[in-house]
Structure formats: C-alpha cells, structure tokens
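No lab work stands behind these numbers, since they all come straight from the coordinates. Remember, predicted model here, so these are calculated numbers, not experimental data. Counting neighbours? That spans all protein chains shown, and the Cβs are built from the backbone with ideal geometry, glycine included.
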Amino acid sequence: EAGEVLATDTPLIVWSQAEAGLLKAFQASDKQEAILSLYAPALDRQDDKIDDRRKKAASLARTKAFSALDKDVILRELLIGDAFAHQFRKQEALYETASALRHDCAPNCRFRSTSEGSIEVTSIRHIPAGETLSFSYIGVPWVLCTSERRKLLRESFEFFCACRRCQVPTRSRK
C-alpha cells in the first residue's frame, strides 16, 4: 500500500560533489565491482556527453592521484556518478537497489533519505504483484507535458521514454 517501505539501501560510496571526490571514494572502496556493475554504457559511441566525459577522464588519468586507474574505468565511474548519484546532505552517494529501479512518468515508488545515510524505497500507491518498481528520474513528472518530459529525459539521461504515460498522452499532456 502507499507509504510502505519496500527496501532500505545503504550507500556503496559517499563523496563530496566533485569528480575527484567520486574517484577517491571509488578507489578507497571495497565495492568497486558492485559499483562498476551499476552501468555499462557503450563507451565507443559518439555522443557529446560521453565525449566531454571522455576528455575529463583522460585528464584525470594523467594526474598523480588517479594514474593507477585505467581511463576507461574513470570514464565509466564518471558516467555512473552522472546517472545514479543521489543527494545526501551536502554529499552524493551511490545506492545499489535505488540504481536498479526503472524510470516511469507515472512511478509507483519514491526515495526517502534517512538520517543515517540510507535510502528507503517507498510505494506511492498500491503496486500489483508482478509490476516493475519504478520512480521518476525527473522529480515531478506530472507538471510537464509528454514532449517536455521526453526532451528532459533525452538530454539528461540519454533515452527516449516509452512508459505507459508517454505512449498514451492526453491532449493536455502532449
């Protein structure tokens, strides 16, 4: 039912809001394999965002602090941070369960941070057995029309939304 806690997740890593902080936390973590398994983007595709991150990864790989990391690992880690970081106080964190949830413009879940740094996945409505758990990557999707949501998702998360709500837009939501 609505408000039910479905999962509680502790952070894999926590860092200050900068690429160097993310990479330092990654290097110090004993959960590097779990972190890298969160996302496996096609690193060879031509894309402005990946090209920018590729340049940043190459630059960071040349620094003394990160010279032990392969530039492709740095690139993957930057992209994982971009895609899955959750704000926690004045820091950011990666959560394994939260990162596995899909986007939906009519989500059935939301996240709630605890004072200890964990994140709770809670239902926002009744979820029938077998329905995929989802949340909105863009916060409050009900205030945007379909074309605005799709544009924001394409620019921020690089995918075309084909959720049920976007597939059948009403006149007021086109």
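Things worth noting here:
- Close lysine pairs were tallied over the chain: pairs 8 or more places apart or on different chains with Cα atoms under 13 Å apart number 4.
- Projected label points at Ala2 and Arg102, each 7 Å from Cα along the beta carbon direction, are separated by 2.4 nanometres.
- P(r) weight above 23 Å for the chain, C-alpha pairs, percent: 47
- Gaussian network model of the chain, springs between alpha carbon atoms under 10 Å - residue of Lys55, Lys24, Lys64 with greatest fluctuation: Lys64
- Of Leu75, Leu23, Leu144, the residue with the greatest mean-square motion in the GNM of the chain, using alpha carbon springs below 10 Å, is Leu144.
- The string of couplings for segment 29-42 from the Karplus curve (6.51, -1.76, 1.60, θ = phi - 60°) is 7, 8, 10, 4, 5, 5, 5, 5, 6, 5, 7, 10, x, 6 Hz, one whole number per residue in order, with x for Gly and Pro.
- If R0 equals 25 Å, the separation of the Cβ atoms of Lys49 and Arg110 corresponds to a calculated FRET efficiency of about 0.45.
- Projecting the Cα atoms of Thr114, Gln32, Ala83 onto the charge dipole of the chain, computed from C-beta unit charges around the Cα centre, puts Ala83 farthest toward the positive end.
- Contact order, relative form, for segment 61-174: 20 percent (alpha carbon pairs under 8 Å, 6 or more residues apart, mean separation divided by residue count).
- Helix-only [θ]222 nm of the chain, DSSP H runs n ≥ 4, -39500 (n - 2.57) each, per residue, nearest 500: -10500 deg cm²/dmol
- Stretchable slack from Asp70 to Ala34, in nm (0.36 nm times residue separation minus alpha-carbon distance): 11.2 nm
- Note on segment 105-174: semi-axes of the ellipsoid equivalent to its C-alpha gyration tensor, largest first and rounded to whole Å, are 24, 16, 11.
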